[in-house]
Amino acid sequence: MRAWVFATAAAAAFAAGPARAGEAACWFEKGTVVVPAVVAGVPGDYILDTGAPRTLLHETRAQAEGVEGSELTGEVLLAGLTVASRPIAVEAIDAQTFSHPTPIAGVIGVDVLSGFVLDVSYRPCRVTLYPPGGAGAFGGLTLPMGRLGSLPLAPGSAFDGRTGLRGQWILSLSQPLAARLSDGVASAPGAAKPDELYPGGVWTAELAALAFAGQVRQGARAGLLREAQSDGALGALGSPVLSRWALRFDFPRGRLILKEQGPPPLGDGPR
């Protein structure tokens, strides 16, 4: 586990002062953004993901801390800020975290993040949270950002070599594949084990092209997402696409701002 102690101390100091921005170093590995945080009193390294609707504790870590049951309520201390008490799920997330070199305590989702303006840089990895109206200038390409429930959406398109699809995509900071397409609009008929194309599986497919924010990515590695999870979106875009930019998720104003940082620092995840 990384140096969560500093996040705890900063959060405690912030809780006593006026509302201001919070900032924390993060690290980007295995296609995920990981930050030190404290969730419901449990300190550790947490995956930060705008594509996750709920904040949760890893069941194994919760049990080690004496937490029982599948639901609890508690504060979240992140980037020097204290987020008020909220419901937190307790779930097994081994399929999402088994390849990480350090234990992952849980996932911080958009239920915590959507009350802020969130800036994320992949190089160097940095997370900044601003209260509504408190963010400074952030020059770059601005896109309208819709919502699927609480999840952020932005427009893009995919092409399989014959057919093109255009629509809204869920934006997931910590999805290791370039894209997961809703099985309501896509399939992989040649796959011997199609279930392995879903989250937790080990197989991927390939898209002829994936276009987002004026950039076209050829041969993007992709998987599938259950239609119930995508709920009308084409699917979810992941870190191999989003990590090209420094990102501002301006949740209060409904916009996404992308500042060019160059080619992504990693591939499209496992093949």
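The values are calculated or read from the model by the stated rules, or taken from the named source; none is laboratory data. A quick note: this is a predicted structure, and the numbers were derived from the prediction, not measured. Using ideal geometry, Cβ is built from the backbone for each residue, glycine included, and neighbour counts are taken over all protein chains shown.
General remarks:
- Unmet criterion (only one of (1) farther than 30 Å from residue 202 by Cα; (2) crowded, with 18+ Cβ neighbours inside 10 Å) for residue 73: (2)
- From the list 161, 146, the lone residue that is closer than 24 Å to residue 203 by Cα, surrounded by fewer than 22 Cβ atoms within 10 Å (Cβ to Cβ) and not hydroxyl-bearing (Ser, Thr, Tyr) is 161.
- Any hit, region 31-39, residues being assigned by TED's automatic domain parsing to the domain that holds residue 121, at pLDDT 95 or above, more than 22 Å from residue 222 (Cα to Cα) and not in a strand (DSSP E or B): no
- Lone qualifier among 171, 118 - being buried (at least 22 other Cβ atoms within 10 Å of the Cβ), aliphatic (A, V, I, L, M) and in contact with a Lys or Arg (Cβ under 8 Å, 6 or more places away or on another chain): 118
- Of the residues making up region 201-258, those that are in contact with a Phe, Trp or Tyr (Cβ under 6 Å, 6 or more places away or on another chain) and without any contact (Cβ under 8 Å) to a residue 60 or more places away in the chain number 3.
- Some residue of region 218-225 being touching a helix residue (DSSP H, G or I) at 6+ places or on another chain (Cβ under 6 Å) and either among the polar types (S, T, N, Q) or modelled with pLDDT of 95 or more (or both): yes
- Number of residues in region 40-77 that are farther than 13 Å from residue 105 by Cβ, under 19 Å from the mean Cα position of the chain (by Cα) and either in the same structural domain as residue 233 (by TED's automatic domain parsing) or of a type in the set (Asp, Glu) (or both): the value is 1.
- For residue 176, the criteria (1) under 15 Å from the mean Cα position of the chain (by Cα); (2) farther than 27 Å from residue 93 by Cβ hold in every case but one, which is (2).
- For the condition part of a helix (DSSP H, G or I) and on the phi < 0 side of the Ramachandran plot, residue 229 qualifies.
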